[in-house]
Amino acid sequence: MGSTIMLELCAMKLTGISGIRQHIMKMRDLSSQLKTFEMEPIEQFLVQLILNSLPAQFDAFKVSYNTHKEKWSVDELLSMCVQEKTRLLMSGKGASKEAHLGESSNKGGNRKGNKDDKKKKKKKKKKRIPPATASNKKDARCFFCKKKGI
């Protein structure tokens, strides 16, 4: 049973970035289950397993961790990974490949989608109100009460 848990722990990979907190907590829980089999890994080994399980979006984060002299605990790593996830999502680097595939469905053959988009943009343009001049001030209406004049 202990070897099965160890195998699962070593093979875990995070496929997206949305569930990073749950992923790290699951790895921590599996590690604590190994304690009953007297196989609990030391904390720094678990930190490295967690870092190795992160997707490519976290590569810069991993390099940053490995260049620091100070080593983090699992709890510190959890907190830093959640912050990094937020940063990635805000910068747009955490978007999944599926989202990009959906956006690029009109590339290549059919250009009809581009023409439709241009037509929609033209319809959405608001009519500009000309600035008030001496000739059209007397015809101007109040936006609130609809009375003529200024």
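Table: residues versus (1) free of Cβ contacts under 8 Å to residues at least 40 places away in the same chain; (2) among the aromatic types (Phe, Trp, Tyr).
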{"residue": "Arg21", "(1), (2)": "no, no"}
{"residue": "Phe37", "(1), (2)": "yes, yes"}
{"residue": "Ile42", "(1), (2)": "yes, no"}
{"residue": "Gln48", "(1), (2)": "yes, no"}
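The set of residues in the stretch 3-38 that are over 25 Å from the mean Cα position of the chain (by Cα), on the phi < 0 side of the Ramachandran plot and exposed (fewer than 14 other Cβ atoms within 10 Å of the Cβ) comprises Ser3, Thr4, Leu7, Glu8, Cys10, Asp29, Ser32, Lys35, Thr36, Phe37. Evaluate the following for Phe61: is it within 15 Å of the chain's Cα centre (by Cα) and of a type outside the set (Lys, Arg)? Considered against the rule, which asks whether it is within 15 Å of the chain's Cα centre (by Cα) and of a type outside the set (Lys, Arg), Phe61 comes out as yes.
Taking the criterion of being more than 16 Å from Arg21 (Cα to Cα) and assigned to a helix (DSSP H, G or I), the residues of the stretch 53-69 that qualify are Ala56, Asp59, Ala60, Lys62, Val63, Ser64, Tyr65, Asn66, Thr67.
Bear in mind these aren't lab numbers, they're just calculated from the coordinates by the rules spelled out. Given the structure is predicted, the values throughout are model-derived calculations rather than measurements. All Cβ positions, even for glycine, are placed from backbone atoms using ideal geometry, and neighbour counts span all protein chains on display.
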